[in-house]
Amino acid sequence: MEVSEKMYKLGTKRSAIRELFEFGKRKAAEIGKENVYDFSIGNPSIPAPDCVNEEIKRILTEEDPVAVHGYTSAQGDEATRKAIADYLNKKYETEFTPDNFYMTCGAAASLTIVFHSIVCSNEDEIMTAAPFFPEYKVFVEGTGAKLVVVDADKKNFEIDLKKSEELINEHTKAFIINSPNNPSGVVYSEDTIKALAELLDRKQKEYDHTIYLVTDEPYREIVYDGVEVPFVTKYYANTIVTYSYSKSLSLPGERIGWILVPDEVKDSKAVYAAVCGAGRTLGYVCAPSLMQKMLVKCVGQTGDVNEYKKNRDLLYNELKEIGYNLRKPEGAFYMFMEAPNGDSDEFSKRAMTENLLLVDADSFGCPGYVRISYCVDHDMIKRSLPAFKRLYDSYR
Ligand code: PLP
């Protein structure tokens, strides 16, 4: 074989979520879409806010058609980066400038660029806490570094700081956090963020090198009941923020997001330059131009998050009533549920016999649980409840 074995393996082995999603599509063709209860994938189920389509139409009819579809600066249009900086400064009382931002094709690109820009050797380690988004492993290993996973704290799914401390060593280069969390729906508390910042600060002094806190935040605006998501740059200087509009603006197919390197980061200009270099190496320059232009007007908007809250409340209350053990999520659109017999692989397979597609959380580093994506049609949740009940009863 004359291709990279590493890439061949990645390309031929589908993710567990994708496998399930494809199974759902085949099953729907066989027995009808209305009889398949697909809770597998995190595709937003609410439309983008009106502002998005209105602004895209305006740009396409009123602006210079050549410029609209032309290249932007490699790091993104100045006007877009300024709109984002202004929005964040107003909301979080920060002092970012357009020069702190690098526009990307969504969170996947933001994360791969950041990892490529900070990893210096194959001995470098990047840590995260389970449960975690499985693609982190692919993104980190793609740089040659190693992903080190802190076991889940099953009490409340915050970060287990004691175990984190045990795993940090002289090779630790960064810690990735994702809050609101995919798959648990947890929003890390301010206390957790403060304690993690204190730990990383202490460890970077001990080892005499920077440990970056990389925050992956595509769900920042998807929170319920007035929960606040701490803005992490305020707690830890060496924070790099990665963001995406895939979820907040319901635009996963349009591929738009950004990286924020605040001035407070040690040698921030050099880090930003390395981000530009990694963007170049990976071919992620000039994020989609039309989306960048749309953002100047629509930054800060969201779809109707209340629709997700309605889904969360119905599903959580009904599953609890049936007898399942699960945690009420504060954000994102995922629920994390314990397999009744503790075997999540067997449970998700048995769920398939009821045409219920639930993701085995093994790939999220947390066996014994399944992830339920409730960014789905509300009526599908109602139709699925008898199947959830039969599934639960089959264990009694
Ligand atoms: N990070 C997390 C936690 C996610 O859940 C996702 C997508 O589901 C991504 C990153 C990738 O998002 P994007 O579509 O912006 O690349």
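Averaging the sequence gap over all C-alpha pairs within less than 8 Å and six or more residues apart, then dividing by the number of residues, gives the chain a relative contact order of 24 percent. Is region 51-298 rounded, prolate or oblate when judged by the Cα gyration tensor, a ≥ b ≥ c being the square roots of its eigenvalues, rounded requiring a/c under 1.5 and prolate requiring a/b larger than b/c? In terms of gyration-tensor shape, prolate. Of all DSSP-defined beta bridges confined to region 51-298, some 30% are antiparallel rather than parallel.
All other residues whose Cβ lies under 10 angstrom from that of residue 241 are scored, Lys and Arg at +1 and Asp and Glu at -1, for a net of -1. Here the dipole of the chain is about 780 debye; that uses its Cα centre as origin and unit charges on the Cβ of Lys and Arg (positive) and Asp and Glu (negative).
With a threshold of 26 Å on the Cα-Cα distance, the over-threshold entries among 328/382; 90/247; 90/269; 9/269 are 9/269. Report the paramagnetic label zone for residue 58: residues of region 270-302 whose backbone N is under 12 Å from a point 7 Å from Cα along the Cα-to-Cβ axis. What the label zone holds, given the 12 Å backbone N cut-off, is 294-299. In the chain, helical runs assigned H by DSSP with n ≥ 4 each contribute -39500 (n - 2.57); averaged across all residues and rounded to the nearest 500, the mean residue ellipticity at 222 nm is -13500 deg cm²/dmol. Any idea what angle helix 106-118 forms with the longest principal axis of the chain, computed on alpha-carbon atoms, 0 to 90 degrees, nearest 10? Tilt relative to the chain: about 50 degrees.
For the chain, the longest principal axis of the Cα atoms and the long axis of helix 78-92 meet at an angle of about 70 degrees. Test of understanding: in a Gaussian network model of the chain with alpha carbons linked when under 10 Å, which of 354, 141, 34 would top the mean-square fluctuation ranking? Between 354, 141, 34, it is 34 that shows the largest mean-square fluctuation. Counting neighbouring Cβ atoms within 10 Å and putting the fewest first, the residues 352, 291, 1, 7 line up as 1, 7, 352, 291.
When the C-alpha to C-alpha distance is required to be over 30 Å, the pairs from 173/309; 6/293; 155/266; 91/266; 137/205; 310/349 that qualify are 173/309; 6/293; 155/266. Neighbour counts of C-beta atoms inside 10 Å place 12, 143 in the sequence 12, 143, starting with the fewest. Using C-alpha pairs under 8 Å with a sequence gap of at least 6, the mean separation divided by the residue count of region 1-124 gives a relative contact order of 13 percent. Quick one: helix 16-31 against the long Cα principal axis of the chain, what's the angle to the nearest 10°, folded into 0 to 90? Value to nearest ten degrees: 50. Listed from fewest to most Cβ neighbours within 10 Å, the set 116, 69, 378 follows the order 69, 378, 116. Tell me, what is the percent relative contact order of region 175-249, built from C-alpha pairs under 8 Å that lie six or more residues apart? Result for region 175-249 is 38 percent.
No value in this document is a laboratory result; all are computed from the given coordinates. Quantities reported herein were computed from a predicted structural model and do not represent experimental measurements. When we count neighbours, we look across all protein chains shown, and the Cβ atoms used for this are built from the backbone with ideal geometry, even at glycine.
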